[in-house]
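Student: I have a structure here, written as structure tokens, and I will follow up with some questions on it.
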Amino acid sequence: MSNAAAETIRPAATIVLWRPAGTGFEVLMGQRGHAAAFMPSKYVFPGGGVDAEDATDAQPGLTVDCAHRLTLNCPADAPTPGTLATAALRELTEETGLSLPGPAPGALRFMFRAITPPGRPRRFDARFFLTSAAGVAGDTETFSDTLTELSHLHWIGLAAARALDLPFITEIVLAEVTALLRGQTQPGVPFFDNSGPVPTFRRL
């Protein structure tokens, strides 16, 4: 892969699907293939790059506030908020076989953003959406309709998930998810901005 291709930052969207479990919560995670160019063998949330067919001006599952935050600190050619939400929902279906039909405003909560640092084989500007499993359709136990882009799909408790082989940024997302599901407030969406030569932390 050329240096130019490696340094291209592609928009991406990820779904953090959660459900109650006993006295706590579980999230849905799967493992990337060992031969994958990006984060091989790591456990991640369902997600991936934005595709051309995701483009839309509709805003499925988003509140006005979330849609606005998705436009902050973005390049001029950034996908629309609805495009990012649509990409996240498509990736959910492709990687888990689950869908979220007709999501009402607030069904998807924009809760994290991170740009892959320079020097990686692939770089993404990834937005993370927190979503309850209560509204999803499909097989939530065996994931029989998945296209198998992720292996070892399973629900796992928030504390237990930290023992998996996780990318660094996924560990941070898990901490944020834990705080939100426990009712803590979020003073702006965390944004790990590695688009330039100096890493910058912002809140959107």
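The values are calculated or read from the model by the stated rules, or taken from the named source; none is laboratory data. Since we're looking at a predicted model, the values are computed, not measured. Quick reminder, even Gly has a Cβ in these numbers, built from the backbone with ideal geometry, and neighbours come from all protein chains shown. With ligands, DNA and RNA removed, areas are computed over all heavy atoms of the protein, side chains included. Shrake-Rupley method; radii C 1.70, N 1.55, O 1.52, S 1.80 Å.
One line per residue, one yes/no per condition, for (1) modelled with pLDDT of 90 or more; (2) open to solvent by 40 Å² or more (accessible area, probe 1.4 Å); (3) under 20 Å from residue 20 (Cα atoms); (4) touching a Leu at 6+ places or on another chain (Cβ under 6 Å):
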position: 134; (1), (2), (3), (4): yes, yes, yes, no
position: 167; (1), (2), (3), (4): no, no, no, no
position: 180; (1), (2), (3), (4): yes, no, yes, no
position: 184; (1), (2), (3), (4): yes, yes, yes, no
position: 200; (1), (2), (3), (4): yes, yes, no, no
position: 203; (1), (2), (3), (4): yes, yes, no, no
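Student: Take segment 53-78 and flag every residue that is hydroxyl-bearing (Ser, Thr, Tyr) and over 22 Å from residue 114 (Cβ atoms).
Tutor: 56
Student: Suppose the filter is open to solvent by less than 10 Å² (accessible area, probe 1.4 Å) and touching a Gly at 6+ places or on another chain (Cβ under 8 Å); does residue 46 pass it? Before the answer, list the steps.
Tutor: On the way: open to solvent by less than 10 Å² (accessible area, probe 1.4 Å): yes; touching a Gly at 6+ places or on another chain (Cβ under 8 Å): yes.
Against the criterion (open to solvent by less than 10 Å² (accessible area, probe 1.4 Å) and touching a Gly at 6+ places or on another chain (Cβ under 8 Å)), residue 46 qualifies.
Student: Given the conditions (1) touching a Gly at 6+ places or on another chain (Cβ under 9 Å); (2) open to solvent by 60 Å² or more (accessible area, probe 1.4 Å); (3) at pLDDT 95 or above, and given that residue 7 satisfies all but one, which numbered condition is not satisfied?
Tutor: (3)
Student: May I ask you to list pairs of residues, at least six apart or on different chains, whose Cβ atoms are under 7 Å apart, with the first in segment 104-131 being open to solvent by 10 Å² or more (accessible area, probe 1.4 Å) and the second being in a loop (DSSP other than H, G, I, E, B) and of a type in the set (A, V, I, L, M, F, W, C)?
Tutor: Close Cβ pairs satisfying both conditions: 105/62; 107/100; 121/1; 121/37; 121/38; 122/37; 122/38.
Student: Of the residues 69, 90, only one is touching a residue at least 12 places away in the same chain (Cβ under 8 Å), among the basic types (Lys, Arg) and touching an Asp or Glu at 6+ places or on another chain (Cβ under 9 Å); which?
Tutor: Going through 69, 90 in turn, the sole match is 90.
Student: While we're here: Filter segment 49-76 down to residues that are among the aliphatic types (A, V, I, L, M), open to solvent by 20 Å² or more (accessible area, probe 1.4 Å) and in contact with a strand residue (DSSP E or B) (Cβ under 6 Å, 6 or more places away or on another chain), then give me how many there are.
Tutor: So the count comes out to 1.
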